[in-house]
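Q: My structure is below; once you've seen it, I'll send some questions.
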Amino acid sequence: MQPSVELLGVAEDYFASGPAGALAWRARFVEPTDHLRVIGTEENEWLVGEAAFAALADESAHLEAEVHVKLRGGEAYESGDVGWVAGRPEVTLPDGTTFTMRWTGVFERSTGVWLLRQMHVSRG
């Protein structure tokens with residue numbers, strides 16, 4: 001296991017892309033396979049496959065352009081073609097309100113590209 005600057009950059013790009021760039025990020029780093037998982041705070045926020053893939057698009061569609069998210073305290077590690085990222089995204093709303101979330105992602109390198117396989121985000 002070793003630190004991964006490359007993988008950390010992939011995750012930071014996810015948060016920095018904002019609503020306008022989220023679909024392009026998803027198209028490059030996510031595949032709608034049956035193995036994809038997106039897990040949230042609520043009991044019913046356990047999405048699999050196509051539903052998980054769609055949720056990543058829906059999530060960005062509901063954000064206003066003025067909402068800014070930056071990954072704070074991010075760390076990434078890789079071992080062979082598997083890696084994980086953890087951090088605390090800081091969300092800033094248009095009125096200046098900020099709050100922090102918890103986020104983790106598991107990635108697999110496939111044909112030289114880090115693909116998201118599992119994501120967990122929670123608040124509270």
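The values are calculated or read from the model by the stated rules, or taken from the named source; none is laboratory data. Remember, it's a predicted structure, so these values are computed and weren't measured experimentally. When we count neighbours, we look across all protein chains shown, and the Cβ atoms used for this are built from the backbone with ideal geometry, even at glycine. Just the protein is used for accessible areas: all its heavy atoms, side chains included, with ligands, DNA and RNA removed. Shrake-Rupley method; radii C 1.70, N 1.55, O 1.52, S 1.80 Å.
Q: Cα axis of helix 18-29 to longest principal axis of the chain: angle in degrees, 0 to 90, nearest 10?
A: Once rounded, one gets 10 degrees.
Q: Keeping all protein chains in position, work out how much accessible area R123 exposes to a 1.4 Å probe, and write it in Å² to the nearest 10.
A: About 130 Å², ignoring ligands and nucleic acids.
Q: Taking all protein chains in place and a 1.4 Å probe, what share, in percent, of the accessible surface of the chain do carbon and sulfur account for?
A: 53 percent
Q: What's the extension gain from T41 to V5 if we count 0.36 nm per residue and subtract their Cα-Cα distance?
A: 10.2 nm
Q: Sticking with this structure for a sec: Using a 1.4 angstrom probe, figure out how much accessible area the chain has per residue, in square angstrom, rounded to the nearest whole.
A: 58 Å²
Q: At a 10 angstrom cut-off on C-beta neighbours, averaged per residue, how do the peptides 71-79, 1-9 rank from highest to lowest?
A: Put in order of decreasing packing, that is 71-79, 1-9.
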